[in-house]
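Q: Take this structure first; my questions come after.
The values are calculated or read from the model by the stated rules, or taken from the named source; none is laboratory data. Bear in mind the structure is a predicted one, so any value in this text is a computation, not a measurement. For neighbour counting, all protein chains shown are included, and Cβ atoms are generated from backbone atoms with ideal geometry for every residue, glycine included. What goes into the accessible areas is simple: the full protein's heavy atoms, side chains included, and nothing from ligands, DNA or RNA. Shrake-Rupley method; radii C 1.70, N 1.55, O 1.52, S 1.80 Å.
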Amino acid sequence: MLWLLVLTLPCLGGSVPVTSDPGPGTELVGIVGGHDASNGAWPWQVGLWVFFPTKNQWILFCGGSLIHPQWVLTAAHCIPGRIPVPQHFKVQLGRVRPSFIGSVRVARIIRHPEYSLKEGAVGGADVALLKLEASVRPSNLVRWISLPPASPTVPPGTRCWVTGWGDIAYTEPLPPPHNLQEVEVPIVADEICRQRYGKVIKDDMLCAGSPGRASCQGDSGGPLVCKWRDTWVQVGVVSWAYRCGLPGFPGVNARVTSFLPWIRHHIHSSH
């Protein structure tokens, strides 16, 4: 059985508190083969801070993306606990380095109803929505990402980008000053991904990455974005992988088009 890496829990050189709580059959593993992102390059990128009462500390746990003035899209496995407490979550906006200062409180947490706490990310439906306490104002550093159109698929080989504060290699943390990393990755055909991973690849998953260029531990929940008619759109949510950037094993993302009705239902019906 493959040891599947659920891409949470960054190890930022010791300056950011880290915890580890691996589930059965998983190995917790960020951006491999990338480089520093500049201020404002990915204005929808957010950092998800989670408070762990047992440790009495806030931890930069995952990434996410601003998809609306008041809503963040992330991975369902980035939300610890059976009944998460919104007050234990905060969202960092507009910064390329981890910072708890100026973070925004979360008012509501919605995990996808088909996500299984028991199966985790590999079970599919690995998406969650966070409603912020207040709408954010757009600026040069903060802006929301567009969602893709419902019908078109992203052709294999399309060059897209993934961003995050995760490990730069398997078990190798991002070194200080922990600047947000970016890497260009190709979309991998579904059939090729299934050949490598097997039946665990579901229809709501989208593979991207190449040897030495991929997401890794700490990047979970972050955006996989592509240019569509001169507009950046988010096509995936970083979910899981086998190791990081290992030849033949691309990163696996939640396919955003699979969840568009669910996302839009909550964004437009909840005020």
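Q: Out of the residues in the range 126-168 that are more than 17 Å from Leu93 (Cα to Cα) and touching a helix residue (DSSP H, G or I) at 6+ places or on another chain (Cβ under 7 Å), state the one that is most open to solvent (accessible area, probe 1.4 Å).
A: Looking at the filtered set, the residue picked out is Ala150.
Q: Phe61 - would you say it is out of contact with any Lys or Arg (no Cβ under 9 Å at 6 or more places or on another chain), aromatic (Phe, Trp, Tyr) and surrounded by 15 or more Cβ atoms within 10 Å (Cβ to Cβ)? Steps first, answer last, please.
A: Working: out of contact with any Lys or Arg (no Cβ under 9 Å at 6 or more places or on another chain): yes; aromatic (Phe, Trp, Tyr): yes; surrounded by 15 or more Cβ atoms within 10 Å (Cβ to Cβ): yes.
Here the answer is yes, as Phe61 does meet what is asked.
Q: Checking the conditions here, which among Phe89, Phe51 is closer than 27 Å to Glu172 by Cα, at pLDDT 95 or above and out of contact with any Leu (no Cβ under 9 Å at 6 or more places or on another chain)?
A: Numbers: Phe89 fails: out of contact with any Leu (no Cβ under 9 Å at 6 or more places or on another chain).
The match here is Phe51.
Q: Out of all the residues in the range 189-216, which are farther than 18 Å from His35 by Cβ, part of a loop (DSSP other than H, G, I, E, B) and not basic (Lys, Arg)? Let's see the steps before the verdict.
A: Our first condition is that a residue be farther than 18 Å from His35 by Cβ; within the range 189-216, this holds for 189-207.
Add one more test, that the residue is part of a loop (DSSP other than H, G, I, E, B), and what stays is 189, 198-204.
Ala189, Gly198, Val200, Ile201, Asp203, Asp204 - these are the residues of the range 189-216 that are farther than 18 Å from His35 by Cβ, part of a loop (DSSP other than H, G, I, E, B) and not basic (Lys, Arg).
Q: Within the range 211-237, track down each residue that is out of contact with any His (no Cβ under 9 Å at 6 or more places or on another chain), among the hydroxyl-bearing types (Ser, Thr, Tyr) and buried (at least 17 other Cβ atoms within 10 Å of the Cβ). Reasoning before the result, please.
A: If we filter the range 211-237 for residues that are out of contact with any His (no Cβ under 9 Å at 6 or more places or on another chain), which is where we start, we get 211-219, 222-237.
Imposing the further condition that a residue be among the hydroxyl-bearing types (Ser, Thr, Tyr) reduces the set to 215, 231.
Passing the criteria: only Ser215.
Q: Still on this structure: With outside any strand (DSSP E or B) and over 16 Å from the mean Cα position of the chain (by Cα) as the only criterion, which of Ala125, Ala134 stands out? So that I can check it myself, show each step before the final result.
A: Details: Ala125 fails: over 16 Å from the mean Cα position of the chain (by Cα).
One residue alone meets the criteria, Ala134.
Q: Among the residues of the range 173-189, count how many are modelled with pLDDT of 95 or more and either in contact with a strand residue (DSSP E or B) (Cβ under 7 Å, 6 or more places away or on another chain) or polar (S, T, N, Q) (or both).
A: The number of residues fulfilling the criteria is 10.
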